[in-house]
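Participant: Got a structure for you, questions after.
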Amino acid sequence: MYDKSTLKKSEKLFYVSLPEIRKFVRDFHQEMWKGLCGKKSSLKMIHTYLRKPTGSEKGRFLALDLGGTHFRVMSLELKGKRKTGASSVKTFVLGKKHITGKGKELFDFIAGCIKIFMKEYKLDTGAEYSVGFTFSFPVKKKGIASGVLLRWTKDFSASGVEGKDVVELLNASLERKGLSGTKITALANDTVSTLTARSYEDPDCDVGVILGTGTNACYPEKDREIVNIEWGNFNKQRLTHYDRKLDKCSGNPGEQLFEKMVSGMYLGEVVRRLAKDLLPGINFPKYFKSEYASAIESDTSKGLRKTGSLLKKIGIKSSDYADRKLLKKACVIVSTRASRLAAAAIASVITKMDPRLGRRHTVAIDGSVYEKHPRFSCRVKNTLKEIFGGKARHIKLVLTKSASAKGAAIIAAA
Ligand code: BGC
């Protein structure tokens, strides 16, 4: 069943035109400005009390990274002169009980992981350490080493954490585990750590972006303090009825509307909702992961055979070539919109700092969507060319992998 006119309508519905992008940038600037003045805005523009590093930070530091289902502990040596030395990393997987259970259990688990790491790498658990903590959720900072969780995102819901200082909660767990010398001395969002990690080696870097399970960005304001935009909550863009329904069924309706159109947590779900309309004969499973959409878009096998086997694996026993072609189109439509919106947001941040785009800007980007999706990064770059023409050459987008932990170590050092 191949309905050409429904496909055409969907393509049009999801397409973000250049005039729309220009309007997006104007609205984004207005929301940034309101957020900075403390007025009601979908952009929180959170103070971080942090500046970009100088590159001369030195020493060995511990860093923690919590922002999704994986928790990372890292020990890193900074050599000064913009160079880093040896590092060790260990990744732990969080269970559902940590993500959605009691907050105390989540923080005790994290403290336990730190102890395991220290033992494995023969670090003296009785000694004093300053630790940088990357915590990738909206936090209202009260100082460099303290911050109150405003609300969970990305389907986290551990109880007793919202409204509390997450550094106090973790320090208390560290004490319970007998690690009272291990103290969190800096707290940062993942965007800030990514910006910090890249700008330690590259002074032109002035935007940190995450395009992964969630999405967000940060940049230095005029007084040089880094501002965490929390752009996932931007809500002035045009929504389709698919976005409205997805939002309604989500765990945080009315919130993180931009994130729900751009990030890995939701892209698969947007594809599923669109594909259901395009392919009414197919019974899609409830959870259609963003990774499936990436794999389908990468499929160049004859007759889209690989897509066929993926569909089988997720319970769709029979599909013909026309179905698979249409499903691939749905993936392209959704991810094209996401990458154009991401480019619009990046353009907004850069022109906030440099309206005429007269300087060089390195944008440090981390996250599974940007890294792993077959066409995402290329589409973001092309959209920036569409927006800025030749001047887009001033913008360098750099994949800055696993920078969250590294950035936290540098922040602890600074
Ligand atoms: C959070 C941000 C975070 C982003 C990327 C969002 O859901 O609100 O604080 O930076 O995800 O991890």
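Participant: Looking only at the stretch 183-241, which residues are closer than 15 Å to Ser404 by Cα and small (Gly, Ala, Ser)?
Facilitator: Ala186, Ala188, Ser193, Ala197, Ser199, Gly208, Gly212, Gly214, Ala217
Participant: Of the conditions (1) within 15 Å of Ile411 (Cβ to Cβ); (2) assigned to a strand (DSSP E or B); (3) among the hydrophobic types (A, V, I, L, M, F, W, C), Val89 clears all except one; give me its number.
Facilitator: Only one criterion is unmet by Val89, namely (1).
Participant: Within the stretch 70-127, work out how many residues are in contact with a His (Cβ under 6 Å, 6 or more places away or on another chain) and among the hydroxyl-bearing types (Ser, Thr, Tyr).
Facilitator: Within the stretch 70-127, residues that are in contact with a His (Cβ under 6 Å, 6 or more places away or on another chain) and among the hydroxyl-bearing types (Ser, Thr, Tyr) number 1.
Participant: Moving on to the next point. Please go through the stretch 110-121 and pick out each residue that is open to solvent by 10 Å² or more (accessible area, probe 1.4 Å) and touching a residue at least 24 places away in the same chain (Cβ under 8 Å). Even if it seems obvious, please write down each step before you answer.
Facilitator: Within the stretch 110-121, the subset open to solvent by 10 Å² or more (accessible area, probe 1.4 Å) is 112, 115-116, 119-121.
Within the stretch 110-121, Gly112, Lys115, Ile116, Glu120, Tyr121 qualify.
Participant: Right, here's the next one. How many residues are within 13 Å of the ligand (Cβ to nearest atom) and within 14 Å of Tyr49 (Cα to Cα) when one looks only at the stretch 222-238? Lay out the reasoning, then the answer.
Facilitator: From the stretch 222-238, those within 13 Å of the ligand (Cβ to nearest atom) are 226-234; that's our starting set.
Going one step further and asking which of them are within 14 Å of Tyr49 (Cα to Cα), we end up with 226-229.
The number of residues fulfilling the criteria is 4.
Participant: Which residues, counting only those in the stretch 282-307, are under 23 Å from Leu246 (Cβ atoms) and touching a Pro at 6+ places or on another chain (Cβ under 7 Å)?
Facilitator: Scanning the stretch 282-307 gives Ser294, Glu297.
Participant: Also, quick follow-up: Does Lys52 fit the bill of being of a type outside the set (A, V, I, L, M, F, W, C), within 16 Å of the ligand (Cβ to nearest atom), assigned to a loop (DSSP other than H, G, I, E, B) and open to solvent by 20 Å² or more (accessible area, probe 1.4 Å)? First the steps, then the outcome.
Facilitator: On the way: of a type outside the set (A, V, I, L, M, F, W, C): yes; within 16 Å of the ligand (Cβ to nearest atom): no; assigned to a loop (DSSP other than H, G, I, E, B): yes; open to solvent by 20 Å² or more (accessible area, probe 1.4 Å): yes.
No.
Participant: Moving to a separate point now. Applying the selection to the stretch 356-379, what residues are more than 16 Å from the ligand (Cβ to nearest atom) and either within 19 Å of Trp231 (Cα to Cα) or open to solvent by less than 10 Å² (accessible area, probe 1.4 Å) (or both)?
Facilitator: Scanning the stretch 356-379 gives Leu357, His361, Thr362, Ser377.
Participant: Please work out which residue is surrounded by the most Cβ atoms within 10 Å (Cβ to Cβ), limiting yourself to the stretch 162-177 and to residues that are touching a residue at least 60 places away in the same chain (Cβ under 8 Å) and among the small types (Gly, Ala, Ser).
Facilitator: First, pick out the residues of the stretch 162-177 that are touching a residue at least 60 places away in the same chain (Cβ under 8 Å): 164, 169-170, 172-174, 176-177.
After this cut, where a residue has to be among the small types (Gly, Ala, Ser) as well, the list is 172-173.
Details: Ala172: 13, Ser173: 21.
In this case the residue turns out to be Ser173.
Participant: Is one or more of the residues making up the stretch 63-73 charged (D, E, K, R) and either open to solvent by 30 Å² or more (accessible area, probe 1.4 Å) or assigned to a loop (DSSP other than H, G, I, E, B) (or both)? Before the answer, list the steps.
Facilitator: At the first step, the residues of the stretch 63-73 found to be charged (D, E, K, R) are 65, 72.
Subsequent filtering for residues that are either open to solvent by 30 Å² or more (accessible area, probe 1.4 Å) or assigned to a loop (DSSP other than H, G, I, E, B) (or both) retains 72.
For the stretch 63-73, residues charged (D, E, K, R) and either open to solvent by 30 Å² or more (accessible area, probe 1.4 Å) or assigned to a loop (DSSP other than H, G, I, E, B) (or both): present.
Participant: Further question on the same structure: Quick one: which of Ser130, Ser136, Ser146, Ser159 is among the hydroxyl-bearing types (Ser, Thr, Tyr) and surrounded by fewer than 15 Cβ atoms within 10 Å (Cβ to Cβ)? Can you show your working first?
Facilitator: Numbers: Ser130 fails: surrounded by fewer than 15 Cβ atoms within 10 Å (Cβ to Cβ); Ser136 fails: surrounded by fewer than 15 Cβ atoms within 10 Å (Cβ to Cβ); Ser146 fails: surrounded by fewer than 15 Cβ atoms within 10 Å (Cβ to Cβ).
Going through Ser130, Ser136, Ser146, Ser159 in turn, the sole match is Ser159.
Participant: Also, I was wondering about something else. Go through the residues of the stretch 205-221 one by one and say whether even a single one is farther than 26 Å from Lys83 by Cβ and away from the ligand (no atom under 15 Å from the Cβ).
Facilitator: Filtering the stretch 205-221 down to residues farther than 26 Å from Lys83 by Cβ leaves 211-217, 221.
Filter once more, keeping what is away from the ligand (no atom under 15 Å from the Cβ): 221.
Within the stretch 205-221 (the criterion being farther than 26 Å from Lys83 by Cβ and away from the ligand (no atom under 15 Å from the Cβ)), the answer is yes, since at least one residue qualifies.
The values are calculated or read from the model by the stated rules, or taken from the named source; none is laboratory data. What you see is a predicted model, and the numbers here were worked out from it, not measured in a lab. Every residue, glycine as well, gets a Cβ built from its backbone with ideal geometry; the counts of neighbours run over all protein chains shown. What goes into the accessible areas is simple: the full protein's heavy atoms, side chains included, and nothing from ligands, DNA or RNA. Shrake-Rupley method; radii C 1.70, N 1.55, O 1.52, S 1.80 Å.
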